[in-house]
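K.L.:
Below are the structure tokens for one structure; questions will follow.
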Amino acid sequence: MLGDLWSFQGRYRTLHLTWIAFFLTFVVWFNLAPLATTVKADLGLTVGQIRTVAICNVALTIPARVLIGMLLDKFGPRITYSSILVFSAIPCLLFASAQDFNQLVVARLLLSIVGAGFVIGIRMVAEWFSPKEIGLAEGIYGGWGNFGSAFSALTMVALAGFLSFSGGFELPTGSVLNWRGAVALTGIGSAVYGCVYFFNVTDTPPGKTYQRPAKTAGLEVTSMRDFWGLLGMNVPFAAILCVLCWRLSKVGFLTASTYPLALSAVAVWFALQTWGIIRTNRDLILSNKVYPKEDRYEFRQVAILELTYIVNFGSELAVVSMLPTFFETTFDLPKATAGILASCFAFVNLVARPAGGLISDRVGSRKNTMGFLTAGLGVGYLVMSMIKPGTFTGIAVAVVITMLASFFVQSGEGATFALVPLVKRRVTGQVAGLVGAYGNVGAVTYLTIFSLLPMWMGGSDEPTPEVIAASNSAFFQILGVAGLIVAFFCFFFLKEPKGSFADLHEGETA
């Protein structure tokens, strides 16, 4: 497979076109992080407000990934991916023209939907590659696509500076950097590629049937115990959206009259989700259907993978969102330099996520691979907590530590999605959507904690540099401990999927 990867023919052509689609969604999704301090200064935002905007950047990705998983299983990846790429231009243009904090929040909430694009490619790649190769194929898709966040960190400041110098995309702003034009361009580029993708891919290889579940309103499970487990695992989705509403009320976006309305909207969404699960599994609930042993799967597998994605992808989203500012404030660096150094975290994706998938393919136990990489993630973050001003960790050492921690984070993501397509083939889109959504549950949770730590530790919305440094250290410690706890679940409760290294997917014949 590695030798044929550069052929750009057949399934490899589909793989390349799909990771590029994912790459562009990540460029769009993370176009704020390297420009955050510029946007803050330009619009006169507080630290709490700009951190709230960062939380909004991942908020609606939670329900969006669940919804996209359903649409994906029903309509296929070609239509679904093309649509979300074209849609990305709308929130980018809204953000580029925003004049106050409230407009930024609305635009960023809409833009967070674009982060759901990752789920689509998981199903597309699984349709084109066999189980024995799925780890590496999904790792390449995820790792090379994920590099979009590093690309944003590397280029957005330079692009904004160029547009300021050239006078392009002029909008009312007193900023030295034309962040508005830079953000707008990322959305326009993504929309153009959405049209290219639509006309150049197919959902499956020639002669292969795209398997769809009978119902897509909710995930199909195969036992009553799993039904109750699925309902329970949906509760955190609503809970974290309520936390987001609370956070938005604290910074003044939601008022005393609109806050209850927002909570009601979350309750309605949760009720619809629950009703969809009941409708999908109605025959199981009424004992009208009993799944034969060979058609069953354990939802516990999905639940543990959701936890792994909280601690790897959830932490990545949180760290990528705060790392440019972390380097800027910790080492007193210019914005552009801090953005370049911060990009090293996502830059590792180019090799780490494919490596995680490849390790999962070659070691012979996807379960043990998952546990080992998650434990390494935990240790890596604990070491990152030692990066502070005035300690032994100079800039070079800090970058090395960051890249080592990132390797385990990204490899763990690759190992997670080496397992996801093997759980139950006909509901792969929904399983990927649920697991992916939990990554964003983790991101919102982590970013909320990150936004509150300075106030908890310093008692002020405008913390001192010392308090900021202490809160950064505590944040990485929280990430590390969470990783070690989930590694325990992987080693002792996760099971090896059937056919982990087979030549054909479940239900396929030669």
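K.L.:
Beyond 37 Å, how much of the Cα-Cα pair distribution for the chain remains, as a whole percent?
P.N.:
In whole percent, the long-distance tail amounts to 24.
K.L.:
On full extension of the chain, what length is gained from E462 through V383, given 0.36 nm per residue of separation minus the C-alpha to C-alpha distance?
P.N.:
25.7 nm
K.L.:
If you don't mind, there's one more thing I want to ask. Rounded to the nearest 0.05, what FRET efficiency do K208 and F162 give with R0 = 41 Å and r taken as the Cβ-Cβ distance? Could you check?
P.N.:
In this case the efficiency is close to 0.35.
K.L.:
Once fully extended, how much extra length lies between K74 and E496, figured as 0.36 nm per residue of separation less the alpha-carbon to alpha-carbon distance?
P.N.:
Extending this stretch completely gives an extra 149.1 nm.
K.L.:
Also, I was wondering about something else. I need the calculated FRET efficiency for the pair L272 and F198, taking r as the beta carbon distance and R₀ as 51 Å, to the nearest 0.05.
P.N.:
With a Förster radius of 51 Å, E is 0.95.
K.L.:
How about segment 319-396: which chymotrypsin sites (Phe, Trp or Tyr not before Pro) there lie in a loop by DSSP and see at most 13 other Cβ atoms within 10 Å?
P.N.:
Qualifying residues, ordered by number: F392.
K.L.:
Quick one: of K208/K495; K293/K424; K74/K495; K40/K335, which pairs are farther than 18 Å apart, Cα to Cα?
P.N.:
K208/K495; K74/K495
K.L.:
Follow-up question, since we're still on this one. Skip the ligands, DNA and RNA, and give the accessible area per residue of the chain with a 1.4 Å probe, whole Å².
P.N.:
Accessible surface, normalised per residue, equals 37 Å².
K.L.:
Got a sec? What order do T330, T445 fall in by accessible area at 1.4 Å, biggest, i.e. largest, first?
P.N.:
My answer, sorted largest first, is T445, T330.
K.L.:
How do R247, R13, R426 rank by accessible surface area computed with a 1.4 Å probe, from largest to smallest?
P.N.:
R13, R426, R247
K.L.:
Here's another thing I want to ask about it. Enumerate the residues in segment 10-31 having an amide nitrogen under 17 Å from the point lying 7 Å beyond the Cα of D42 toward its Cβ.
P.N.:
28-31
K.L.:
Would you mind computing, in nm to one decimal, how far apart the modelled labels at Q103 and K293 are, each placed 7 Å from Cα along Cα→Cβ?
P.N.:
Once both label points are built, they end up 6.4 nm from each other.
K.L.:
If each of V235 and I395 carries a label point 7 Å out from its Cα toward its Cβ, how far apart are those two points in nm?
P.N.:
4.9 nm
K.L.:
Restrict the search to segment 264-334; then list the trypsin sites (Lys or Arg not before Pro) that DSSP places in a loop and that have at most 14 other Cβ atoms within 10 Å of their Cβ.
P.N.:
Sparse-neighbourhood loop trypsin sites (Lys or Arg not before Pro): K289, R296.
K.L.:
Dividing the alpha-carbon Rg of segment 297-348 by 2.2 N^0.38 Å yields what?
P.N.:
Here the answer is 1.58, to two decimals.
The values are calculated or read from the model by the stated rules, or taken from the named source; none is laboratory data. Remember, it's a predicted structure, so these values are computed and weren't measured experimentally. FYI the Cβ positions are ideal-geometry reconstructions off the backbone, even for glycines, and counts take in every protein chain you see. Heads up: the accessible areas ignore ligands, DNA and RNA and are worked out on the full protein's heavy atoms, side chains in. Shrake-Rupley method; radii C 1.70, N 1.55, O 1.52, S 1.80 Å.
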